[in-house]
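The structure appears below as structure tokens.
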Amino acid sequence: MKNIYLLIAYDVSTESSEGRRRLRKIAQTCTNYGQRVQKSIFECLVSETEYTTLKHQLLREIDEAEDSLRIYRLRDHSEKTVQHYGINKPIDYTRPLIL
């Protein structure tokens with residue numbers, strides 16, 4: 001089974017306590033599936049089943065009248081397509097995560 005590379009970006013209204021709760025829940029959900037690369041942007045490598053579950057969990061949390069959620073399915077996640085500069089080096093999911 002082939003894994004799917006995702007880029008998830010969100011913008012959640014935090015003017016209310018409910019919005020701040022949504023922001024925490026969405027961030028935690030994304031953390032469970034991938035790596036935070038910016039404050040509201042995550043890279044994820046998931047199976048098709050995990051993708052379906054992740055998408056369902058995120059859509060359950062957002063308020064479509066106040067928030068924005070974008071999920072990009074990437075064709076490839078390699079040094080050829082992703083250029084990174086600065087802190088928070090990306091994780092190479094093709095190599096062992098524990099050394």
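The values are calculated or read from the model by the stated rules, or taken from the named source; none is laboratory data. Nothing here was measured: the structure is a model prediction, and the numbers come from that model. Don't worry about glycine lacking a Cβ; one is built from the backbone with ideal geometry, like all the others, and counts go over all protein chains shown.
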* Scan (1) part of a helix (DSSP H, G or I); (2) surrounded by 11 or more Cβ atoms within 10 Å (Cβ to Cβ) for the single condition TYR5 breaks and write down its number. => (1)
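Among the residues of the stretch 1-52 satisfying the criterion of being among the β-branched types (Val, Ile, Thr) and touching a residue at least 40 places away in the same chain (Cβ under 8 Å), which is nearest to ARG73 (Cα to Cα)? Write out each step before concluding.
If we filter the stretch 1-52 for residues that are among the β-branched types (Val, Ile, Thr), which is where we start, we get 4, 8, 12, 14, 26, 29, 31, 37, 41, 46, 49, 52.
Next, from what is left, pick out any that are touching a residue at least 40 places away in the same chain (Cβ under 8 Å): 4, 8, 12, 26, 37, 46.
On the way: ILE4: 7, ILE8: 9, VAL12: 21, ILE26: 18, VAL37: 16, VAL46: 11 Å.
That would be ILE4.
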* Only one of these conditions is not met by ASP92: (1) surrounded by 10 or more Cβ atoms within 10 Å (Cβ to Cβ); (2) out of contact with any Asp or Glu (no Cβ under 6 Å at 6 or more places or on another chain); (3) at pLDDT 95 or above. Which number is it? -> (3)
* Could you please give the count of residues in the stretch 9-59 that are under 24 Å from LYS89 (Cβ atoms) and among the basic types (Lys, Arg)? => 2
* Asked: Counting only residues that are charged (D, E, K, R) and not in a loop (DSSP other than H, G, I, E, B), which one in the stretch 40-78 is surrounded by the most Cβ atoms within 10 Å (Cβ to Cβ)?
  -> GLU43
* Going by the conditions given, is ARG73 in contact with a strand residue (DSSP E or B) (Cβ under 7 Å, 6 or more places away or on another chain) and at pLDDT 65 or above? -> yes
* Asked: Looking only at the stretch 8-39, which residues are hydroxyl-bearing (Ser, Thr, Tyr), surrounded by 17 or more Cβ atoms within 10 Å (Cβ to Cβ) and outside any strand (DSSP E or B)?
  -> THR29, TYR33
* Lone unmet requirement of (1) surrounded by 10 or more Cβ atoms within 10 Å (Cβ to Cβ); (2) over 18 Å from the mean Cα position of the chain (by Cα); (3) modelled with pLDDT under 65 for LEU99 -> (1)
